[in-house]
Each structure stands twice: as structure tokens, then as C-alpha cells.
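The values are calculated or read from the model by the stated rules, or taken from the named source; none is laboratory data. Predicted model, so just to flag it, every value in this text is computed and none were measured. Every residue, glycine as well, gets a Cβ built from its backbone with ideal geometry; the counts of neighbours run over all protein chains shown. In case anyone asks, the SASA skips ligands and DNA or RNA and just uses the protein heavy atoms, side chains included. Shrake-Rupley method; radii C 1.70, N 1.55, O 1.52, S 1.80 Å.
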Amino acid sequence: MATLIRNKLSNKLSNAATTVSNKSQAKVSGMFARMGFQAATDEEALGFAVCDDLDYDHRQGLQMDILKTDEVGGEPGGDTGVEGDSHYQRDGTGPPPSSSKDDGVCAELEAQDRPRITAWEAGWNVTNAIQGMFVLGLPYAILHGGYLGLFLIIFAAVVCCYTGKILIACLYEENEDGELVRVRDSYVDIANACCAPRFPSLGGRVVNVAQIIELVMTCILYVVVSGNLMYNSFPSLPVSQKSWSIIATAVLLPCAFLKNLKAVSKFSLLCTLAHFVINVLVIAYCLSRARDWAWDKVKFYIDVKKFPISIGIIVFSYTSQIFLPSLEGNMQKPSEFHCMMNWTHIAACILKGLFALVAYLTWADATKEVITDNLPSTIRAVVNLFLVAKALLSYPLPFFAAVEVLEKSLFQDGGRAIFPDCYGGDGRLKAWGLSLRCGLVVFTLLMAIYVPHFALLMGLTGSLTGAGLCFLLPSLFHLKLLWRKLLWHHVFFDVAIFVIGGICSISGFIHSMEGLIEAYKYNIED
């Protein structure tokens, strides 16, 4: 036993020394790479915290499994219920941790090894999640909503900021001394706690399904926007939008072989900076035509049929709740989370409102689903090429996260997995695991081909999963877990958000589906 403890401690100290050495060798480049990885999250409700945790937990789980296997082999009476790395994931489904002293030391070393981020880095993550390339669809929302659309941009920022805070509050409970202690680690843990004890895993499954839908729809949107931008950049070429989408998917097919996001993260910061430059160019062009702005076109009435779609577009542009628990758990000072949420959402509200209004005033009723399609042909081709590059480089992030969730649920969930493990003993991907990944890429292509409508898909996703993850579930969980400690105005806010979010979600989903059905029929007839 003493030899086993020494082996564990020596392995952990060796890992810690290796981590420190790697950090010292690439201090500057590592910081930018990490910031870049945050930057590439975009709107898919996918942050670096989620992907980094998945990769980190996977590697740590493999290391701990080796140690656990050694212990089982050396101790005849040891626990034989090793189920891969699933119980080292922070989803609350694994067996309880050991209370032995040496395991406590190992856990402490793991906690020290895990990198922490500042409030500014966390804010950078959230900012890029809610101010990515999908803001290009906001002027189209103003087209159908007028001043009410601008109000909704502000309202959505306030509500999403509030629900983000109450979601984090659901991670904590008071101990015997009245101090707040973090007893949950993820959105799935919160959902499972709300459904316990009768349905202890139902909530987590609902959240996982919503997360998968949102991530896959985000991948589809990237393919759609790539085809749309290329088609409008080179209209003289005899290549249709569907053909451009097929070409984009062919470029993305290597994503099926991704094992981690190291290669992608190198381009993330450059990708985000390019998008920032593009936004500046669009606004600069709009300001150059300020004398021709059509203020009279901004109305107080709304298009009853299309405005619910605009609600989904606006809500989807603020989606970030799915990764906030992991983000807050990785902060150096979690007490700064509320302040960080305030200034990021205030900044997002101002920038989104100005961008949407200025762009709509420039093109008025001619505003298109993707605002860069309104630019003159001389500028449009260059801007759209940058946007296509950003979309293609951003695609692997939501794709990788969706694959991780599917693999863990279907292949790697210990004894509860539906299918055999998709990884062999040597860590190589098996045939059915590769088939799942390739099938997911092909599915995004088929959806992009048959429903090549950026605004409709964005509105559908925002109404279905965006409203659910940002409005409905956080307020419901807050009421369920903390209702005894809530003040009356918190209860009122939660109930109001749940009711308003439900109405907007149902209305937006119905109208988005109607628009998609009409568009599909038109494509078939065409």
C-alpha cells in the first residue's frame, strides 16, 4: 500500500512538474492560444471551459484509470467497478470519491493543476459567445420588428444576464455554518437535482438533448452561411448555393477525425480579430452613407407573421448559459462572476443595438438575412471570404462538443451505455465511432441543402433551445431549488421570465416551422 501511495504521488507530482515546464516554455504563446480558444466559441453556446474540461477530464480520467487498475490488481479486495473515465467527468453520475487520505492528496493536486482564468478572460469568453458572427442576422430582425426589435435586444440582454446569475446560484447551497458551498458543477447536475429523487437522470437528459440540438443546429448554420456567402460573392460563377455548401462540407469532413482542439485553437484569435475588423468595415460603410439613412422606415408596428422569428434570432445571439457553470468554476475569483456578467451584457446590448440599427437604416427594406450581402460587390467578396473562413474554422468547436456529448451518452456512459465503447484499448477510434462523426457531418450538409435559410434556422434554434436554455430552465430550476430562500420580487421575476419565455418560444417555433415548410415546398417545386 505504501508503494502504491508513493507511485500515485510521484505520478501526480510528475504531471504537475510537466505542466509547469510546459507553461514556462510557452508562456506568451500559450496565453494567446488560450485566449484564442476562448474567442472561437462564438454563439454555439460552446465555451473554452466546456471543451477544455472535456479534454482535460478525458486525459485525467485515463491517468486515474491506470492507477485505479493497478490498485485493483494489487489489492484483491479492491473495487472492481471501474467504468473508464466516466466517473471523473463532472456530471454527477459516477461513484462517490474515495475519502482516503492519499486520494484526497491526489484530488488536491488535480485541483492545483487545473488552470484558472481571470474575470477579464472569462468576460472575453462570454463576449465572443454572445457577439460572434451571428450578429449579422440582427438587422434582419429590425426589418420585421422596428423599434420593438431594438427593445428586445435590450430586454434579451437583461434577461439573459439575470438567468445566467440565477443558474450559477443553483450550483450552491448553504452548509451548517451558513456559508455557500458549491455542490454542483454543471447545467446537467442542476437539472438532475431538480428532478431527484423520482427521476434523478431525467433533467440531465433533457439538457443534453437541448445542448446537442443547439450545437448541431449551429454547425448547420455555419454550412448554410458559408454557402450563402460564397454564392453571393461570386454570382457570375455557374455554381449554386447548394453546390457551395457541398464544397464547404468537403473541407469540413476532416473534423470527423478530430481528437482534440489543439490545431483549431491556433487559428481562433486570428479568426475573432478578423470578424472584429469585418464589423468595423460594415459599420464604417454604413456611416459613410449616413446622409441617406431611412429613419422613416423604422416603425413601431411589427410584422405579426415574421416578428416571432426575429425573437428567436435575437435570443439565439445571446445564448451562453450552457457553458457558464464550467466557466464560473474555472475562474480565479468566482465572486467576480456577477460583475463580469453585467459589463459583458451591457457591452453586447450597446454594440448589437447600434450595429443592427445602423445597418438597417442604411438598407431599410432591402436588408437581407445576412447583412454583408447588401454590401457593394467590390467590398462584399473580400468581406464574405473572411466570414467564410471564420465559419469554417468555427465549425469544429460545436461539432466536437456535440460528438463528445453523443459519445459519452451512447458509447462511454459506463454500464449504462447503449453501444460498445467507440474507442479501442489503444485509444484509437473504432469504425462505429468514426461512422457517427461522418454521419453528423453529412447530416449538417443535408439540412443546409434542403433548408438553406439562415434567418429561419437561426430563429428556429433560438426559439426551441435558446429560449429553453436561457429563459425557461434557469428560472424553473431557480424556483425549484431555492424557492424557500427567495424574496418575493425574485419569485415574480422568475415566474414572469418563465411565462414570457414560454410564449416567445412557442410562437417563434410555430412561425419558424411554418416558414421552413414553405421554403422547403418552394425548393421542391423549384
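Report, by residue number, each residue of the stretch 105-134 that is assigned to a helix (DSSP H, G or I), open to solvent by 10 Å² or more (accessible area, probe 1.4 Å) and at pLDDT 75 or above.
A119, W120, E121, W124, T127, N128
Which members of the stretch 188-223 meet the condition of being within 18 Å of the chain's Cα centre (by Cα), hydroxyl-bearing (S, T, Y) and more than 30 Å from T249 (Cβ to Cβ)?
Residues satisfying the conditions do not exist here.
Identify the residue in the stretch 367-391 that is open to solvent by 20 Å² or more (accessible area, probe 1.4 Å), of a type outside the set (A, V, I, L, M) and out of contact with any Phe, Trp or Tyr (no Cβ under 9 Å at 6 or more places or on another chain) and, among all such residues, is farthest from A294 (Cα to Cα).
F386
Out of the residues in the stretch 193-222 that are crowded, with 21+ Cβ neighbours inside 10 Å and among the polar types (S, T, N, Q), which is farthest from V388 (Cα to Cα)?
Q211
Considering only the stretch 227-254, state which residues are surrounded by 15 or more Cβ atoms within 10 Å (Cβ to Cβ) and either in contact with a strand residue (DSSP E or B) (Cβ under 7 Å, 6 or more places away or on another chain) or within 17 Å of L440 (Cβ to Cβ) (or both).
S245, I246, A248, T249, L252
Look through the stretch 279-315, keep the residues that are among the polar types (S, T, N, Q) and open to solvent by 20 Å² or more (accessible area, probe 1.4 Å), and return whichever of them is nearest to T163 (Cα to Cα).
Ranking the qualifying residues of the stretch 279-315, first place goes to N279.
Can you find even one residue in the stretch 182-192 that is in contact with a strand residue (DSSP E or B) (Cβ under 8 Å, 6 or more places away or on another chain), free of Cβ contacts under 8 Å to residues at least 60 places away in the same chain and open to solvent by 50 Å² or more (accessible area, probe 1.4 Å)?
Yes, the stretch 182-192 contains at least one residue that is in contact with a strand residue (DSSP E or B) (Cβ under 8 Å, 6 or more places away or on another chain), free of Cβ contacts under 8 Å to residues at least 60 places away in the same chain and open to solvent by 50 Å² or more (accessible area, probe 1.4 Å).
What tally of residues in the stretch 441-485 results from selecting those that are open to solvent by 30 Å² or more (accessible area, probe 1.4 Å) and closer than 16 Å to M513 by Cβ?
Summing the residues that are open to solvent by 30 Å² or more (accessible area, probe 1.4 Å) and closer than 16 Å to M513 by Cβ in the stretch 441-485 gives 4.
Here is a list: G137, G164, G146. Which entry is in a helix (DSSP H, G or I), on the phi > 0 side of the Ramachandran plot and open to solvent by less than 10 Å² (accessible area, probe 1.4 Å)?
Checking each option against the conditions leaves just G146.
Quick check on my filter: what residues within the stretch 316-337 are open to solvent by 10 Å² or more (accessible area, probe 1.4 Å) and in contact with a helix residue (DSSP H, G or I) (Cβ under 6 Å, 6 or more places away or on another chain)?
Passing the criteria: I322, S326, P334, E336.
Restricting attention to the stretch 255-278, and to residues there that are open to solvent by 30 Å² or more (accessible area, probe 1.4 Å) and either at pLDDT 80 or above or in a helix (DSSP H, G or I) (or both), which single residue is farthest from F386 (Cα to Cα)?
Ranking the qualifying residues of the stretch 255-278, first place goes to F257.
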